[in-house]
Amino acid sequence: MVSARRADTRWVTRLIPVFLAGCVGLVTYVIVKRICLDYLSASENRPGTAISLLVLYLVFFALMLLCYFRTFFVIQFNPGVTPLGPKAIEQERNGKGKRRRERDLEASVRYEARPDDNPDSPGLEAFYSKDVFVCDTDGRPRWCSSCCNWKIDRAHHCSELERCVKKMDHYCPWVGGIVAETSFKFFVQFTFYATLYYIVVIVTAVIYIESNARNEASIDGFAVAVLAISALFGLFTFTMTATSVRYILVNFTTVDYVKSKTLVHQLAIRVPRGTPSCQDYPVITYPLPKPVPGQAAASESSCSRDQLATRSFAIVKTEMGENPWDLGFYRNWISVMGDNIIDWLLPFTLSPCVSYESNESFYEMGPLVQRLRARFHLPELSDELQKSEMGEREAEVIHGV
Ligand SMILES: [Zn+2]
């Protein structure tokens, strides 16, 4: 079922660009040739109007195409998927050389329901080396049973790609696949310029039809068809632009928005080492203890350097609808669109949130984390602790870690 649906989706994704090219070709023929050149410039002798409309048409057409291809190629070549876990990689390797349909079938049965119990599980350290991450009830990161790997904050498993996708937004057949963190900025720019493009087309077609009516000439069927197509697509792209801008301003993805009314985030927030669990919150300490036969817990026998390298996290829940990544309108906007107007308008640089530069969390978190610290009375990471950690890092260097 899943593989049949994926095959259908692939066909739809291939056919839609052909359909779009046909529509844009027809619109260009009618606007440029029939209306601007043949009618306004030649018959009506209004070259000024014709040139103004042509320039506007071509500028927005070029910008729309540029953003479209940027979105399309990013989606094809840099869709923002997270790595598969070792077991899934092994299955992928075994499946190489098989036909696509068979691979799809295998991907849909690739399944590891239980999170990896190994304390040194690959990729786990990337979570507890941060100060805050999204976790499950037991304090470990979320687990993707299909990718057999840990899920980074805000990643969602996409059944079309059979992979977890970072800041997955939605599947869009119009731009050839999954819109996610690497492509969302370009996607919004595309829908924005497409809206302006269709507005120019609608204005041009209305001028033409109205002029025909005034001269009591017969109404051109081509112009009516173009007007209908543009009104439909224009309304659609305008709605997409408005919705996307709204999500950017509140730092939501479409996936977040669909769940937002009922969504509660569970966060592991770093607290001083040795903070005990209490009634308000449990505490988890990393690295997780190694199970040693005959001993209750290996942490007892760990050497002092390992104990120094441990990090403790309180496990707390947000209230329903609270968004830990909300940084305020302006910083939310910058995190996706970039910090200058050139980046806002042109589809060249990737969104700043793609860089993962922060040591504190995968994506920058807003004031909610401090509010949660206060709400649950979490002990602050004191200066003293930070100093001891600097010592710890030096110790690590000495021990050659
Ligand atoms: Zn996954």
Taking the range 118-144 and keeping residues open to solvent by 30 Å² or more (accessible area, probe 1.4 Å), of a type in the set (A, V, I, L, M, F, W, C) and touching a strand residue (DSSP E or B) at 6+ places or on another chain (Cβ under 7 Å) leaves Trp143
Answer from Asp116, Asp120, Asp138 - the residue that is over 19 Å from the mean Cα position of the chain (by Cα) and either without any contact (Cβ under 8 Å) to a residue 40 or more places away in the chain or near the ligand (Cβ under 10 Å from one of its atoms) (or both):
Asp116
Those residues of the range 57-97 which are more than 13 Å from the ligand (Cβ to nearest atom), touching a residue at least 60 places away in the same chain (Cβ under 8 Å), in a helix (DSSP H, G or I) and not hydroxyl-bearing (Ser, Thr, Tyr), in sequence order
Phe60, Phe61, Leu63, Met64, Leu66, Cys67, Arg70, Phe72, Val74, Ile75, Gln76, Pro86
Does Val59 satisfy the condition of being of a type outside the set (D, E, K, R) and either crowded, with 16+ Cβ neighbours inside 10 Å or under 21 Å from the mean Cα position of the chain (by Cα) (or both)?
no
If you take the residues of the range 150-167 that are within 10 Å of the ligand (Cβ to nearest atom) and not in a strand (DSSP E or B), which of them is most open to solvent (accessible area, probe 1.4 Å)?
Leu161
Does Cys147 satisfy the criteria of being open to solvent by less than 40 Å² (accessible area, probe 1.4 Å) and within 9 Å of the ligand (Cβ to nearest atom)?
yes
Take the residues in the range 173-226 that are part of a loop (DSSP other than H, G, I, E, B) and over 20 Å from the mean Cα position of the chain (by Cα); name whichever of them is modelled with the highest pLDDT.
Asp220
Out of Ser129, Ser218, sole residue that is in the same structural domain as Phe72 (by TED's automatic domain parsing) and either without any contact (Cβ under 8 Å) to a residue 24 or more places away in the chain or away from the ligand (no atom under 16 Å from the Cβ) (or both):
Ser218
Applying the selection to the range 345-385, what residues are open to solvent by 70 Å² or more (accessible area, probe 1.4 Å) and outside any loop (DSSP other than H, G, I, E, B)?
Leu345, Gln370, Arg371, Arg375, Asp383, Glu384
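The values are calculated or read from the model by the stated rules, or taken from the named source; none is laboratory data. Since the structure is predicted, the reported quantities are computational estimates derived from the model, not experimental observations. Ideal geometry is used to build each Cβ from the backbone, glycine not excepted, and the neighbour counts take in all protein chains shown. The area values use the complete protein model at the heavy-atom level, side chains included, leaving out ligands, DNA and RNA. Shrake-Rupley method; radii C 1.70, N 1.55, O 1.52, S 1.80 Å.
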